[in-house]
Amino acid sequence: MKYTEDFKMLMDDVKEVLISQDEITQRCKELGEEISRDYKDTVPIIVGLLKGSVPFMAELIKYITIDVELEFMAVSSYSGTESMGDVRILKDLDRSIKDRDVLVVEDIVDTGNTLLKVKDLLYSKGASSVEVVSLLDKPSRRTVEIEAKYVGFTIPNEFVIGFGLDFNQKYRNLPFVGILKEECYR
Ligand code: IMP
């Protein structure tokens, strides 16, 4: 298989390729068309959450055919207990989002804590609407009530890496989504 040759060192840690590059491209086309239709009467601000959303955002925007503006934000979740997360802004938006439609781009919705806080934060900055597009969704792990309006793929409760997703900052450059071998994080 081609991935095995191209990414030999990283592939040793991959248990299974869950979503291929072709499948991601195809899904980005569909999502891009849907988003273009839904936002045709406005100029949305697309906010990428650094760093995991970068490959997905880069692919997705190729298929968004309306006027958009791009912004980035970096947040870090910290928590007393796993279910009580709070969010700290590491990099804030560069421009005002007051009275604007915002579309947040995320790599994965897991417990949902990050997105819940980010959505609240963006509304507190005066956004008129805040929706989410996420490459992946792991609904079985949700601890708070939040759903992304647009989801690329719903996946089972596995730790995944690639296409932006990392383990200890590694594997983000893999061009597919794979399941990480358990011995790599246990
Ligand atoms: P949440 O606040 O629990 O929804 O967590 C969202 C963040 O956790 C994502 O943006 C990822 O950075 C990280 N995350 C959750 N599940 C995975 C995974 O399977 N692989 C890599 N990162 C993950």
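Among the residues of the range 109-154, the ones that are touching a helix residue (DSSP H, G or I) at 6+ places or on another chain (Cβ under 6 Å), crowded, with 18+ Cβ neighbours inside 10 Å and not in a strand (DSSP E or B) come to 2 in all.
Every residue, every condition in (1) modelled with pLDDT under 95; (2) among the polar types (S, T, N, Q), yes or no:
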| position | (1), (2) |
| --- | --- |
| Pro44 | no, no |
| Met73 | no, no |
| Thr81 | yes, yes |
| Asp86 | yes, no |
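For the range 40-66, the candidate set comprises residues that are open to solvent by less than 10 Å² (accessible area, probe 1.4 Å) and not in a loop (DSSP other than H, G, I, E, B); within that set, the residue that is farthest from Ile161 (Cα to Cα) is Ile45. Cβ-Cβ below 8 Å, separation at least six or inter-chain, first residue in the range 107-123 and closer than 23 Å to Leu174 by Cβ and touching a residue at least 60 places away in the same chain (Cβ under 8 Å), second more than 8 Å from the ligand (Cβ to nearest atom) and open to solvent by 20 Å² or more (accessible area, probe 1.4 Å): which pairs? If the second residue must be more than 8 Å from the ligand (Cβ to nearest atom) and open to solvent by 20 Å² or more (accessible area, probe 1.4 Å), the pairs left are Thr114/Val75; Thr114/Val87. All but one of (1) more than 9 Å from the ligand (Cβ to nearest atom); (2) under 15 Å from the mean Cα position of the chain (by Cα); (3) farther than 24 Å from Phe72 by Cβ hold for Phe159; which doesn't? With (1) more than 9 Å from the ligand (Cβ to nearest atom); (2) under 15 Å from the mean Cα position of the chain (by Cα); (3) farther than 24 Å from Phe72 by Cβ applied to Phe159, the lone miss is (1).
Restricting attention to the range 110-130, the residues that are in contact with a Lys or Arg (Cβ under 7 Å, 6 or more places away or on another chain) and within 13 Å of the ligand (Cβ to nearest atom) total 3. Would you say Ser96 is surrounded by fewer than 13 Cβ atoms within 10 Å (Cβ to Cβ) and either at pLDDT 95 or above or among the β-branched types (Val, Ile, Thr) (or both)? It is true that Ser96 is surrounded by fewer than 13 Cβ atoms within 10 Å (Cβ to Cβ) and either at pLDDT 95 or above or among the β-branched types (Val, Ile, Thr) (or both). Does Val102 qualify as being more than 13 Å from the ligand (Cβ to nearest atom), closer than 17 Å to Ile46 by Cα and part of a strand (DSSP E or B)? So Val102 fits the description; yes. Across the range 163-176, the number of residues qualifying as open to solvent by less than 60 Å² (accessible area, probe 1.4 Å) and more than 9 Å from the ligand (Cβ to nearest atom) comes to 5. Considering the conditions (1) over 26 Å from Glu16 (Cα atoms); (2) surrounded by 20 or more Cβ atoms within 10 Å (Cβ to Cβ); (3) modelled with pLDDT of 95 or more, Glu106 is excluded by exactly one of them, (1).
Residues of the range 140-156 that are away from the ligand (no atom under 11 Å from the Cβ) and more than 30 Å from Asp6 (Cα to Cα): Ser140, Glu145, Glu147, Lys149, Tyr150. Being at pLDDT 95 or above, open to solvent by 20 Å² or more (accessible area, probe 1.4 Å), of a type in the set (Asp, Glu) and under 27 Å from Ile179 (Cβ atoms) holds for only one residue in Glu16, Glu33, and it is Glu16.
The values are calculated or read from the model by the stated rules, or taken from the named source; none is laboratory data. Model, not experiment: these values are computed from the prediction. Reconstructed Cβ throughout: ideal geometry from the backbone, glycine too, with neighbour counts over all protein chains shown. Accessible surface is based on the protein model in full, side chains and every heavy atom, while ligands, DNA and RNA are left aside. Shrake-Rupley method; radii C 1.70, N 1.55, O 1.52, S 1.80 Å.
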